[in-house]
Amino acid sequence: MTTATDPEGGTFRPSMLIYDSRYRSATIQIVALIGFLLLIGWLVSNTVQNLADLGKSVGFGFLTEPAGYDINQRLLDYDSRDSHARASLMGLLNTLLVAVLGCIMATIVGVIVGVLRLSNNWLVARIMTVYVEMFRNVPVLLWIVFSMAILIETLPAPSAFRGDEPSASMLLGDSVALTNRGVYVPEPLFGRMDEEGNPLSWRQGLGDIHLFGEAWFRFDVSLELVVFLSTLIAGILVSRLIGQRADRIQNSTGVRPKTFWLRTAVIVVPSVIVLWLMGFYLGKPALRGFNFDGGTHLRNSFIALWLALSLYTAAFIAEIVRGGILAISKGQTEAAAALGIRPRRIMSLVILPQAMRVIIPPLISQYLNLTKNSSLAIAVGYMDLTGTLMGITLNQTGRELEAVMMTMLIYLAISLAISGAMNVYNNRVKLKER
């Protein structure tokens with residue numbers, strides 16, 4: 001007969017799972033995990049049973065039904081006859097657009113404000129302090145509504161651009177129009193024409209791509225855009241290889257070759273040549289009737305949301321940057337100054353690279369906050385994921401459980417992707433210990 005033994009050679013007894021400190025922690029964790037899974041199973045079973053009693057079975061077939069509503073700001077082609085799934089995709093793309101542009105602008109503004117808060121110029125430092133305190137202590141929803149009100153009330157109507165002596169005029173060579181209905185900017189077009197004889201835009205040309213018979217997977221992008229992006233990505237990869245080669249030469253010889261112009265050329269020159277061969281040009285907006293036609297229309301709802309979220313988050317990033325800089329010993333600045341390095345170069349080459357190890361972890365939280373705060377877009381009529389899937393789709397189909405679950409999972413996936421990418425960057429910049 002075989003007898004169980006513990007790691008130290010003695011006889012194992014079941015009571016050791018509770019009374020032996022070597023096993024107690026694992027036992028508690030296993031019991032807690034089993035209890036948690038049972039709780040989740042009970043909640044799911046109870047929810048499904050309650051819905052079945054109400055005559056509502058859980059299912060996602062509603063995603064293939066026609067949406068029946070329009071989306072005013074979108075990146076891809078869409079009309080009201082498309083499915084709820086494609087409408088949700090348009091909302092997701094709008095959410096990602098605001099999140100990406102907001103994180104970029106908030107980072108730039110936040111770094112500048114954070115550095116200027118430490119300026120020796122008393123006036124500049126106090127102005128930056130007022131900016132930080134003003135934006136941090138007012139709810140972001142109020143800033144979104146306030147930004148929308150400013151755009152609507154201060155910008156001229158399209159009718160102001162009409163006539164021989166209009167009260168408003170377009171900017172940048174009559175290519176940009178700032179109106180109370182939004183901003184009209186030039187649209188990238190190509191020399192090839194579509195079937196109706198109209199210039200081909202970046203989101204036309206390949207037609208409708210249906211995967212598994214679902215309109216959700218239809219991507220309307222032009223062949224020209226695919227070729228241009230492929231060329232641009234290839235140029236970036238080649239530029240990176242040139243930089244890695246320069247790093248190896250510097251590590252072996254101590255002298256780094258100059259590669260700035262070469263790295264810039266391998267990115268810019270092929271891209272410009274490809275655009276020229278494809279007949280690329282910018283289609284300017286023009287006033288026709290009661291509104292502008294042509295170009296790309298950036299609605300006030302998108303601009304207000306983008307500016308408000310960016311400036312609000314930038315105030316928090318500024319404090320993170322300021323704290324990261326103050327965490328670096330003042331002796332680093334004095335040593336760099338003793339070598340004759342100029343103050344701006346000290347900040348960019350000595351202080352900020354070391355401060356990044358302190359800045360990155362809390363910066364991740366601000367990126368996540370900005371992304372989740374974009375769900376306030378419904379306050380100004382911007383159709384993001386909350387306005388489509390959690391808004392009109394939920395109200396039309398009555399599938400509240402499915403819509404809420406999908407929205408939660410999508411936001412969770414976006415947040416985990418941002419956190420994962422930033423953690424990878426954080427591991428690259430942190431100190432490597434032996």
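The values are calculated or read from the model by the stated rules, or taken from the named source; none is laboratory data. None of the values given here were measured: they were computed from a predicted structure. Backbone-built Cβ (ideal geometry, glycine too); neighbour counts: all protein chains shown. The protein model used for the area step is the full one, side chains on, heavy atoms only, and it has no ligands, DNA or RNA in it. Shrake-Rupley method; radii C 1.70, N 1.55, O 1.52, S 1.80 Å.
Quick notes
- Residue 258 meets all of the listed conditions (1) surrounded by fewer than 12 Cβ atoms within 10 Å (Cβ to Cβ); (2) within 28 Å of the chain's Cα centre (by Cα) but one, namely (2).
- Residue in region 377-393 that is assigned to a helix (DSSP H, G or I) and either aromatic (Phe, Trp, Tyr) or without any contact (Cβ under 8 Å) to a residue 12 or more places away in the chain (or both) present: no
- With a requirement of 1 or more residues that are over 28 Å from residue 379 (Cβ atoms) and either at pLDDT 95 or above or in contact with a Gly (Cβ under 6 Å, 6 or more places away or on another chain) (or both), the strands (runs of 3 or more DSSP E) lying completely within region 122-194 that satisfy it span 187-193.
- Scanning region 394-417 for residues that are in contact (Cβ under 8 Å) with a residue 40 or more places away in the chain and under 22 Å from residue 47 (Cβ atoms) yields a count of 9.
- Lone qualifier among 153, 133 - being open to solvent by 50 Å² or more (accessible area, probe 1.4 Å), of a type outside the set (A, V, I, L, M) and within 14 Å of residue 317 (Cα to Cα): 133
- Residue 103 passes every criterion in (1) without any contact (Cβ under 8 Å) to a residue 60 or more places away in the chain; (2) not in a loop (DSSP other than H, G, I, E, B) apart from (1).
- Tally of residues being within 35 Å of the chain's Cα centre (by Cα) and either at positive phi or not in a helix (DSSP H, G or I) (or both) across region 230-255: 0
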